Amino acid sequence: QVQLVESGGGLVQAGGSLRLSCAASGRPFSSYTMGWFRQAPGKEREFVGGVSANGGSTRYADSVKGRFTISRDNAKNTVYLQMNSLKPEDTAVYYCAAKPTLYIAATAETYDYWGQGTQVTVFS
C-alpha cells in the first residue's frame with residue numbers, strides 16, 4: 001500500500017505560479033512511477049504529467065507542456081508539480097497517483113494509488 005497526500009493548492013491570479021507537493025508513505029516510493037492528474041467540474045479526469053521512478057524521465061500533456069514541471073525527491077518521498085503561467089482553464093482538483101510499473105501512463109485506470117486531491121483555482 002502507498003498513501004499519498006497532496007498539498008499546495010490555492011487561489012492564484014492568471015499568470016501566477018503554484019507548486020503542488022505529494023507526500024508518499026508506505027512501500028518504497030522510489031519504486032513507483034508517479035503521475036499528476038486533474039479534474040475540473042463536469043469534466044473527465046485528465047493526465048497532466050508524470051515522472052519515472054528514478055526521476056530520469058518525464059511526460060506532459062500538451063496543454064501544460066512548457067508551463068508545468070514535475071520532479072521528485074526520493075529521499076523525501078515527495079513528488080512536485082511546479083505550475084507556472086497559470087491560466088483559468090487550469091482550475092481543477094489536482095491529484096497525484098502512483099503505479100508500480102515503469103511506463104509513465106496517461107491513463108488514470110493504470111494507477112493503483114491516489115491522493116485525496118488539492119484544489120487549484122486560477123482567476124483572471
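The values are calculated or read from the model by the stated rules, or taken from the named source; none is laboratory data. Predicted model only: the values in this text are computed from it and were never measured. Counting neighbours? That spans all protein chains shown, and the Cβs are built from the backbone with ideal geometry, glycine included. All accessible areas refer to the heavy atoms of the entire protein, side chains included, with ligands and DNA or RNA removed. Shrake-Rupley method; radii C 1.70, N 1.55, O 1.52, S 1.80 Å.
Details
- Matching strands (runs of 3 or more DSSP E) fully within the range 1-58 where at least 3 residues are open to solvent by 30 Å² or more (accessible area, probe 1.4 Å) and under 19 Å from Tyr80 (Cβ atoms): 2-7, 18-26
- Residue list for the range 103-122, restricted to those being more than 17 Å from Gly8 (Cβ to Cβ) and either in a strand (DSSP E or B) or without any contact (Cβ under 8 Å) to a residue 24 or more places away in the chain (or both): Glu109, Thr110, Tyr113
- Counted residues, the range 16-36 - those being of a type outside the set (A, V, I, L, M) and within 16 Å of Arg67 (Cβ to Cβ): 4
- Residue match in the range 61-71 (condition: open to solvent by 10 Å² or more (accessible area, probe 1.4 Å), over 27 Å from Phe123 (Cβ atoms), in contact with a strand residue (DSSP E or B) (Cβ under 7 Å, 6 or more places away or on another chain) and not small (Gly, Ala, Ser)): no
- Meets criteria (open to solvent by less than 20 Å² (accessible area, probe 1.4 Å) and of a type outside the set (D, E, K, R)) for Ala97: yes
- Enumeration of residues in the range 71-102 that are outside any strand (DSSP E or B) and of a type in the set (Lys, Arg): Lys76, Lys87
- Every listed requirement among (1) touching a Pro at 6+ places or on another chain (Cβ under 9 Å); (2) within 21 Å of Asp90 (Cβ to Cβ) is met by Val64 save one, (1).
- Entry remark, the range 71-124: residues being farther than 17 Å from Glu46 by Cα and among the basic types (Lys, Arg) number 2 in total.
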